[in-house]
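S.K.: Once you've had a glance at the structure underneath, I'll fire off some questions.
The values are calculated or read from the model by the stated rules, or taken from the named source; none is laboratory data. Being a predicted model, the structure only gives us computed values, none of them experimental. All Cβ positions, glycine included, derive from the backbone under ideal geometry; neighbour counts span all protein chains shown. Quick note on the areas: whole protein, heavy atoms, side chains included, nothing else; ligands and nucleic acids left out. Shrake-Rupley method; radii C 1.70, N 1.55, O 1.52, S 1.80 Å.
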Amino acid sequence: MTTAYREPEKGDPLVRLQRVVKTFHRGSEDLTVLDGLDFEIPTGSFEALMGPSGSGKSTLLNLIAGLDRPTAGKVLVAGNDLGAMNDGQLAAFRARHLGFIFQSYNLMPVLTAAENVELPLLLTRLPSAERKKRALIALRVVGLEDRVNHYPKQLSGGQEQRVAIARAIVNDPTILVADEPTGDLDRKSADAILDLLVRLNTEFKKTIVMVTHDPAAAERASVIRRMNKGVLQ
Amino acid sequence: MVPLSYSVRNLRVRATTTLATALGVGLVVFVFASVLMLGEGITRTLGRAGSADVAVVLRDGADAEMSSSIELPAAGLIMNAPQVRRRADGRPDAVAESVVVIILDKLGTEGVSNVAVRGVTDDVLAFRPSVRVIAGRAPRPGSDECLLGASIRGRFRGLELGQSFEVKKNRRLTVVGIMADGGSSFESEVWIDRNVLAAAFGRESVVSSVRVRLASSGAFEALRSSLEGDRQLAVDVKRESVWYEEQSQGTSMFIKAIGLLVAVFFSVGAMIGAMITMHAAVASRQREIGTLRALGFSKKSILASFLFESVALSLLGGALGATASLAMGLVRFSIVNFASWSEIVFEFAPTPGILAASLAFAGAMGLFGGMFPAARAARMNVLDALRG
Ligand SMILES: Nc1ncnc2c1ncn2[C@@H]1O[C@H](COP(=O)(O)OP(=O)(O)O)[C@@H](O)[C@H]1O
Ligand SMILES: [Mg+2]
């Protein structure tokens, strides 16, 4: 596999965006969502990104996560220039550095909780026994050690999201990105998820970027940034 | 790599679709395997007319008895070769025969067709113990009486017990017996006295073939090298069983070619079935594909995963079809054999090679049918896929 990443150096901000432009082409129309955005996230931060729908939060998150490339400007994550990478290099970058938490969990319905969590480790050279052990540890961290062999449809929404979080942390990523992680959950389950994210940030020193509509969720982050029409305020 | 269990379990989850698609593939594989088994069966059935301990000697380069001629003195030389078994009376266990083709009116349908006429000597039934007279009696030697093969009985004018036919203009022969030989091609012949045939067709000094029973099975190579090594004889020596198998190859290949054409034709349908199924699978799992890509799985591993799923699906069908084709082993099949112009009963003969080829064929259908859907899955934009 192509590996174009390098380890972060001391003093680097983990994420640095320089004059980032993102333009979508929809038919003959051009829609510039981000127009010269400058933005940094220091290592160890837990940032909440708020703002009205359509303001470009997900677009920004996708750029940081290496799911998309900027139209212009630089996106540097852990020292990697994501705009300069090809699809294969971006995939390797994501496998090594990213942990994803989606609004609708995105578990594989045909795989058990443990198998879902193990997925990212299949991209490493770890032997099977070690992969299984680590998946179990991750499930223990999210408090689901008693649901290891359950399939997603046998779990509640909150439990599914906890499995997804276990999957996001199992490969010890450099940064966790979460797009509306509590958007589909009731208050109680949402709070449990937020407790977990806070714990991952404080106890496991994970850098987290979370997009959310929910002010109560944003409150739990260490930094709240507001976005409006592609501009951070 | 995306785990194989992911593909297999997805097949299991949509069991009905999987089974329907697999049955389509299975049907094609069934046809494919059955045809190969029939071809194999034809080869074996025709080969049955020959025995392994008998050698056939023909004129060098002749591929059928009809086109072969051996001078009588040469025939005597061949029959007295040391590798030939001796009968109790000390004479060689061998026959020299002439074969010609005559044209007779067909019964039941318009037109004429060929009938093979074999001029035999009076020891023919002793030489071929598997041939039995099932009706009437054996002809008297040197007479105008003849023995008729059971499978052409009643299919030509005059070819019936007690009736007569013209072997040559103004040369009338009477059928006094019917013979059977376990469905071998001898059942499609008329056997008459060799001297009668020789006189009627002006073949007094030659025969078509010499058959000798070997003193031992291992004597064949020695016989062949000594006879084929004799330039003046100019003959080919073959084991009778091998020779019949070779003769059956034309018919067998024809059946196989037609059958494989049909199988390939239908396989297009099965491949389209697999393609539709896999397209639906890719469409309904877009978000899962997007998620796998986001986690860092490469386009190639997505491609491989869906190709594997398609091949596994087809192999399931292939296994069903191949298993069903084994049941054809119980079926007997009757067709016209182009080498002897008569109907012969064949069986379907399965071999490990045929089963392996059937599975490979199924796998290939899965590979080609799954190619486009898998490529579509692999090429999907990650973000579009994640949006489902
Ligand atoms: N792939 C795309 N093609 C075209 N337009 C897009 C695409 N992705 C996002 N947009 C547009 O960009 C704008 C910002 O979208 P997004 O970043 O998803 O907003 P948010 O997450 O803040 O609600 C919206 O107007 C959206 O319609
Ligand atoms: Mg959004």
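S.K.: Could you identify the single residue in A:Ala113, A:Ala65, A:Ala91, A:Ala95 that is within 16 Å of ligand 1 (Cβ to nearest atom) and at pLDDT 95 or above?
M.R.: Result of the check over A:Ala113, A:Ala65, A:Ala91, A:Ala95: A:Ala65.
S.K.: Do you know which residues across region A:123-136 are assigned to a helix (DSSP H, G or I), over 19 Å from the mean Cα position of the chain (by Cα) and under 13 Å from B:Met1 (Cβ atoms)?
M.R.: A:Ser128, A:Arg131, listed by residue number.
S.K.: Still on this structure, I have one more. Any idea which of (1) under 12 Å from A:Ile101 (Cβ atoms); (2) within 16 Å of ligand 1 (Cβ to nearest atom); (3) touching a residue at least 40 places away in the same chain (Cβ under 8 Å) is the one A:Gln161 doesn't satisfy?
M.R.: That leaves (2) as the condition not met.
S.K.: Condition (residue is farther than 14 Å from B:Glu288 by Cα, free of Cβ contacts under 8 Å to residues at least 40 places away in the same chain, under 16 Å from the mean Cα position of the chain (by Cα) and facing chain B (nearest Cβ under 9 Å)) applied to region A:92-101: is it met by at least one residue? Even if it seems obvious, please write down each step before you answer.
M.R.: At the first step, the residues of region A:92-101 found to be farther than 14 Å from B:Glu288 by Cα are A:92-99.
This time we only want the ones that are free of Cβ contacts under 8 Å to residues at least 40 places away in the same chain, so: A:94.
Pick out the ones that are also under 16 Å from the mean Cα position of the chain (by Cα) and you get A:94.
When the remaining residues are screened for being facing chain B (nearest Cβ under 9 Å), the result is A:94.
Yes.
S.K.: In region B:294-331, which residues are within 14 Å of chain A (Cβ to nearest Cβ) and without any contact (Cβ under 8 Å) to a residue 12 or more places away in the chain?
M.R.: B:Leu295, B:Gly296, B:Ser298
S.K.: Identify, from the list B:Gly177, B:Gly182, B:Gly142, B:Gly119, the residue that is more than 20 Å from B:Leu46 (Cα to Cα) and assigned to a loop (DSSP other than H, G, I, E, B).
M.R.: B:Gly142
S.K.: Let me ask you something else. Is it the case that B:Val56 is open to solvent by less than 20 Å² (accessible area, probe 1.4 Å), over 28 Å from B:Ile258 (Cα atoms), assigned to a loop (DSSP other than H, G, I, E, B) and in contact with a helix residue (DSSP H, G or I) (Cβ under 6 Å, 6 or more places away or on another chain)?
M.R.: Values: open to solvent by less than 20 Å² (accessible area, probe 1.4 Å): yes; over 28 Å from B:Ile258 (Cα atoms): yes; assigned to a loop (DSSP other than H, G, I, E, B): no; in contact with a helix residue (DSSP H, G or I) (Cβ under 6 Å, 6 or more places away or on another chain): yes.
Criteria not met by B:Val56.
S.K.: Now, a different point. Mind listing whichever residues of region A:183-220 are open to solvent by 90 Å² or more (accessible area, probe 1.4 Å) and within 16 Å of ligand 1 (Cβ to nearest atom)?
M.R.: Listed by number, the list holds a single entry, A:His213.
S.K.: B:Gly259 - would you say it is within 22 Å of the chain's Cα centre (by Cα), open to solvent by less than 10 Å² (accessible area, probe 1.4 Å) and either more than 14 Å from chain A (Cβ to nearest Cβ) or modelled with pLDDT of 95 or more (or both)? Before you say what the answer is, go through the steps one by one.
M.R.: Values: within 22 Å of the chain's Cα centre (by Cα): yes; open to solvent by less than 10 Å² (accessible area, probe 1.4 Å): yes; either more than 14 Å from chain A (Cβ to nearest Cβ) or modelled with pLDDT of 95 or more (or both): yes.
Taking the combined requirement at face value, the residue satisfies it.
S.K.: Mind checking which residues of region B:267-284 are within 14 Å of chain A (Cβ to nearest Cβ) and open to solvent by less than 10 Å² (accessible area, probe 1.4 Å)?
M.R.: Correct list: B:Ala281 only.
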